[in-house]
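Throughout, read-outs are computed from the coordinates displayed, never taken from laboratory work. In this text, all values refer to a predicted model and were calculated from it rather than measured experimentally. Cβ: placed from backbone, ideal geometry, glycine included. Neighbour counts: every protein chain shown.
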């Protein structure tokens, strides 16, 4: 992961494994509305306050029909618990200074749906998004546009029409959907995922050009390969069955994905620069490193530890079997060696691990921000000495300092 200083981004990070949950930047702040799923008013308010300074608005998802949402009391489950839904909205509206909205699905009865929307509107939300299908209906079912129109006429706040993707092929169809429902605006998901240039008034761009533009942004902002691949798959649809599509499906890294779209050299040059900056700007407490450096050197010399200054970069290992610890474990099984054993020490909020393998000890002199990464770093050193990773590979990918 690169620091937000290098990318000029704002990163929200899961502290349990240091993965990026949400990345944004100042350029898109006026346009991004962050949607959250929740079943708890207090937690929803706290979550909204965390991101309030970096987004244009907060939307509460009250329409997702997926099992994980329903079982968690989130999404469309809230449609049948209006008091809880209103409590969540009231809590978030009171907690933040930016606009708060919600998105729902229609109920079976139009009058019941209007009554629910009036309750939700009374919480102070800035707008309500309406998906014109019930919780049981899917995209093949017709969107209940007349429900949305009736709700729009009954409320005194903006209503956002949703669910019309199947009929939206060009920009003019967006305007048609807006007029049919009588809404203030339109929300599009599936059609925009297929080709986001649907919003161009003068016509859509050629799909492959959209993909290439998207890849430029993915590389520039160090987006992880699995998410990048997922987004492109939504664009390709049936084109995945072509030769180019099959090459794309076989790709696992960002570089491989870019190779398919003739952006491999751009990606490699950009990542080479980024990997160098990972060492220069990684958010590690330098003063702490200075204090522990001499003790670490003395310990490694006395215990004959094979050491390199290298670090674990999570994005380089898209599959679980690619992880250094997994590779080392499989190597030990292949050659009938004792399983590797890890010992990790902690200094303040930094971690360093030593792996013992085949009566030898291996460790990275680079202190990591969590135990998992420290163990992966020591496995990298061991794999280097076992000649699984060579120096050129490690330097090219920014692993070796």
Rounded tilt (10° steps) of 82-95 against the dominant C-alpha axis of the chain
60 degrees
Between residue 201 and residue 217, what is the spin-label point distance in nm, taking each point 7 Å from the Cα along the Cα→C-beta axis?
2.1 nm
Quick one: check the C-alpha center-to-center distance for the range 171-197 versus the range 33-89, whole angstrom.
24 Å
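Could you tell me which of rounded, prolate or oblate describes the range 303-397, using a ≥ b ≥ c as the square roots of the eigenvalues of the alpha-carbon gyration tensor, with rounded for a/c under 1.5 and, failing that, prolate when a/b is larger than b/c and oblate otherwise?
Values: a/c = 1.43, a/b = 1.13, b/c = 1.27.
Rounded.
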Contact order normalised by residue count of the range 32-200, Cα under 8 Å, 6+ apart, percent:
17 percent
Once you've got the GNM for the chain with C-alpha springs shorter than 10 Å, pick whichever of 309, 325, 229 has the biggest mean-square fluctuation.
309
The helix 264-281 Cα axis meets the longest alpha-carbon principal axis of the chain at an angle in degrees, between 0 and 90 and rounded to 10, of 70 degrees
Against the longest principal axis of the chain, how steep is helix 145-154, in degrees 0 to 90 to the nearest 10, with axes from Cα atoms?
70 degrees
Return the whole-Å distance between the Cα centroid of the range 110-169 and the Cα centroid of the range 297-375.
54 Å
Could you work out which residue, out of 256, 244, 233, moves most in a Gaussian network model of the chain, that is, has the largest mean-square fluctuation with Cα springs under 10 Å?
244
Calculate, in nm to one decimal, what residue 13 and residue 233 gain on full extension: separation in residues at 0.36 nm each, minus their alpha carbon distance.
76.7 nm
Per GNM of the chain with C-alpha springs under 10 angstrom, the most fluctuating residue out of 337, 371, 46 is 337
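Taking the highest mean first, how do the peptides 56-65, 28-37 order by number of other beta carbon atoms within 10 angstrom per residue? Show your work: numbers first, answer last.
On the way: 56-65: 21.8, 28-37: 14.3.
Taking the mean over residues of other Cβ atoms within 10 Å, the ranking is 56-65, 28-37.
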Which whole-number percent gives the relative contact order of the chain, counting Cα pairs below 8 Å spaced six or more residues apart?
10 percent
Percent relative contact order for the range 303-397, counting Cα pairs under 8 Å at least six residues apart, stands at 31 percent
